[in-house]
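For reference, the structure is listed below as structure tokens.
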Amino acid sequence: METVFISGSRKLGRLNAAIRERLDAIVDRGFRVVIGDASGSDRAVQSFLAERHHRNVLVHCMGSGCRNNVGAWPVHSVSGRGKRGFQYFALKDAEMAHEADYGLMIWDGKSRGTFSNILRMLDSG
């Protein structure tokens, strides 16, 4: 099954028409979506997927609880022992990039995390 890693800036909480169109195509094709639990674009995409009743979603969270899981989808918890700050959350991003065939990054041109995810996806081919 083809998997799409969707990531984006925490500062972007609204989805424009172009992004919604791409998300519609992902839902229509029945792709599996892996996504984080952050506020901003993660939460906005989760809301969109829930509105479309897309069930093929896996939310990656750090530790024992998710900050956002709008659709009550299955959760993959990632251990971040010994890590802090940016490196802590980068662990789950690295796992999502590793398991994805495709990536959809919603970048504001500033987010270091989203830029790192773009590079991860490029590195993985």
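Among the listed residues Ala25, Ala38, Ala90, Ala18, which satisfies the condition of being among the hydrophobic types (A, V, I, L, M, F, W, C), at pLDDT 95 or above and farther than 18 Å from Glu2 by Cα?
That would be Ala18, the only listed residue that is among the hydrophobic types (A, V, I, L, M, F, W, C), at pLDDT 95 or above and farther than 18 Å from Glu2 by Cα.
If Asp93 satisfies all but one of (1) open to solvent by less than 60 Å² (accessible area, probe 1.4 Å); (2) in a loop (DSSP other than H, G, I, E, B); (3) charged (D, E, K, R), what's the number of the condition it fails?
(2)
What is the number of the single condition among (1) surrounded by 14 or more Cβ atoms within 10 Å (Cβ to Cβ); (2) more than 24 Å from Ser79 (Cβ to Cβ); (3) not polar (S, T, N, Q) that Arg29 does not meet?
The single condition Arg29 does not satisfy is (1).
Need the failing condition index for Ile26 against (1) in contact (Cβ under 8 Å) with a residue 40 or more places away in the chain; (2) closer than 16 Å to Ala97 by Cβ; (3) not in a loop (DSSP other than H, G, I, E, B), just the number.
Every listed condition holds for Ile26 apart from (2).
Residues of the range 8-23 being open to solvent by less than 10 Å² (accessible area, probe 1.4 Å) and outside any loop (DSSP other than H, G, I, E, B), which ones?
Leu23, the sole residue that qualifies.
If a residue must be under 23 Å from Leu119 (Cβ atoms), touching a strand residue (DSSP E or B) at 6+ places or on another chain (Cβ under 8 Å) and not hydrophobic (A, V, I, L, M, F, W, C), how many such residues does the range 1-55 contain?
Going through the range 1-55 one residue at a time, the tally reaches 12.
Within the range 96-115, how many residues turn out to be assigned to a helix (DSSP H, G or I), surrounded by fewer than 19 Cβ atoms within 10 Å (Cβ to Cβ) and modelled with pLDDT of 90 or more?
Summing the residues that are assigned to a helix (DSSP H, G or I), surrounded by fewer than 19 Cβ atoms within 10 Å (Cβ to Cβ) and modelled with pLDDT of 90 or more in the range 96-115 gives 3.
What pairs come out if I take residues in the range 101-125 that are more than 18 Å from Asp37 (Cβ to Cβ) and small (Gly, Ala, Ser) and pair them with residues that are open to solvent by 100 Å² or more (accessible area, probe 1.4 Å) and at pLDDT 90 or above whose C-beta lies under 9 Å away, six or more apart or interchain?
Listed by first residue and then by second, the contacts come to Ser124/His98.
Is one or more of the residues making up the range 36-57 part of a strand (DSSP E or B) and surrounded by fewer than 14 Cβ atoms within 10 Å (Cβ to Cβ)?
No, every residue in the range 36-57 fails to be part of a strand (DSSP E or B) and surrounded by fewer than 14 Cβ atoms within 10 Å (Cβ to Cβ).
The values are calculated or read from the model by the stated rules, or taken from the named source; none is laboratory data. Remember, predicted model here, so these are calculated numbers, not experimental data. Backbone-built Cβ (ideal geometry, glycine too); neighbour counts: all protein chains shown. Only protein heavy atoms, including side chains, enter the accessible area calculation; ligands, DNA and RNA are left aside. Shrake-Rupley method; radii C 1.70, N 1.55, O 1.52, S 1.80 Å.
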